[in-house]
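Read-outs: derived from the displayed coordinates by stated rules, not from any lab. Nothing here was measured: the structure is a model prediction, and the numbers come from that model. Here Cβ is always computed from backbone atoms with ideal geometry, including for glycine, and neighbour counts include all displayed protein chains.
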Amino acid sequence: MSDEYLIKIEHLAKSFGDLAVLKDISFSVKKGEVVCVLGSSGAGKSTMLRCINRLEEATSGSIFFRDEDILSMQTNVKKYRQHVGMVFQRFNLFPFKTVLENITYAPIKIKHVKKDEAKKIGMELLNKVGLTDKCNVYPSSLSGGQQQRVAIIRALAMEPDVLLFDEPTSALDPEMVGEILEVMKKLAEDGMTMIVVTHEMDFARNVSDKIIFMHDGYIAEEGTPEQIFTEPESEPVRECKMKCVSYR
Ligand code: ADP
Ligand code: MG
């Protein structure tokens, strides 16, 4: 396996009919790195994440996971997805499963982990985010922040190599944003590789190793938080920063 990157995206393009959403996207993510993706609404951020875990089929380009181009015909998508967890804006928990069932479902069904073992791991993970007492309730009885913590745990239970976050705090009431960012910060400190689409500029600034600004299907700017926040910025980046701030 290459030491250089865990994921390397080369000339990724995606169109929906005539609409070219991703035009030419290239960047890489090293193991343990946190990459924050910023950009105004409609920039193609979700589409890019969805291409990375193959919820969406790219039009052209390559996405290397370790040394395999996962856009190739030979890729076993089901197997590949086990390595790539995803956390959505709107949690997307199974409504008719309890919290613990939400967490153990994929490990049991897809990874064939024994039921008792999956439950044990699930309870340990719930304990880490302070939700052990919620294990037997249904998602609808939880706050948004609690649901999102469960969604993160559900992704972690598969022991992924990388976690993709698509605006994980955008659907939350302001008072719950902090608890999710805390969990994500902890994950980052524990060495989890993460690609995070977010409008939380402070998180991007303080937690990420690299920031990517998407604009008009391209990467308008890419750099360390220091570079992005201190050096003179391009017009799209300035515009985007303004929007990100006013969005909050
Ligand atoms: P972002 O997450 O940055 O707000 P998206 O990736 O959701 O942007 O969307 C980028 C563009 O692609 C938008 O113009 C959106 O309408 C379009 N789009 C996204 N998904 C589809 C789809 N399944 N079919 C057609 N157009 C889509
Ligand atoms: Mg989006």
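Quick look at the numbers
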| item | result |
| --- | --- |
| Net +/- balance of residues flanking Val84 in space, Cβ distance below 12 Å, scoring K and R +1, D and E -1 | +4 |
| Extension gain (nm, one decimal) between Glu68 and Ser28, 0.36 nm per residue minus Cα-Cα | 13.0 nm |
| Directionally averaged shadow of the range 115-239, computed from the convex hull of its alpha-carbon atoms, nm² | 9.2 nm² |
| Computed lengthening from Tyr105 to Glu189, 0.36 nm per intervening residue step minus Cα-Cα distance | 27.5 nm |
| Mean separation of Cα contacts under 8 Å (6+ apart) over length of the range 161-214, as relative contact order % | 48 percent |
| C-alpha center-to-center spacing [the range 147-188, the range 108-125] in angstrom | 20 Å |
| Rounded to 5, the percent of DSSP beta bridges in the chain classed as antiparallel | 50 percent |
| Residue among Lys78, Lys23, Lys210 with the largest mean-square fluctuation in a Gaussian network model of the chain, springs linking Cα atoms under 10 Å | Lys78 |
| Tilt relative to the chain, helix 115-128 - C-alpha long axis, 0 to 90 degrees, to 10 | 60 degrees |
| Gyration tensor over alpha-carbon atoms, the range 4-81, equivalent ellipsoid semi-axes in Å | 20, 16, 11 |
| Greater than 25 Å apart at Cα, pairs in Lys78/Lys114; Lys30/Lys78; Lys45/Lys97 | Lys45/Lys97 |
| For the range 30-39, Karplus couplings with θ = phi - 60° (6.51, -1.76, 1.60), whole Hz, Gly/Pro x | 7, 4, x, 7, 10, 10, 9, 10, 10, x |
| Length-normalised contact order of the chain in % [C-alpha pairs under 8 Å, at least 6 apart] | 27 percent |
| For q = 0.14, 0.23, 0.24 Å⁻¹, Debye-computed log10 I/I(0) when each Cα of the range 134-183 counts as one equal scatterer | -0.36, -0.91, -0.97 |
| Close Lys-Lys pairs in the range 125-245, where close means Cα under 22 Å and separation is 8 or more or interchain | 8 |
| Isotropic mean projected area of the C-alpha convex hull, the chain (nm²) | 13.7 nm² |
| Net dipole in debye of the range 92-186 [+1 Lys, Arg Cβ; -1 Asp, Glu Cβ; about Cα centre; nearest 20] | 460 debye |
| Vicinal HN-Hα couplings computed from phi for the range 155-168 (Karplus, 6.51 cos²θ - 1.76 cosθ + 1.60; Hz; Gly/Pro x) | 5, 5, 4, 8, 6, x, 8, 8, 10, 9, 10, 10, 6, x |
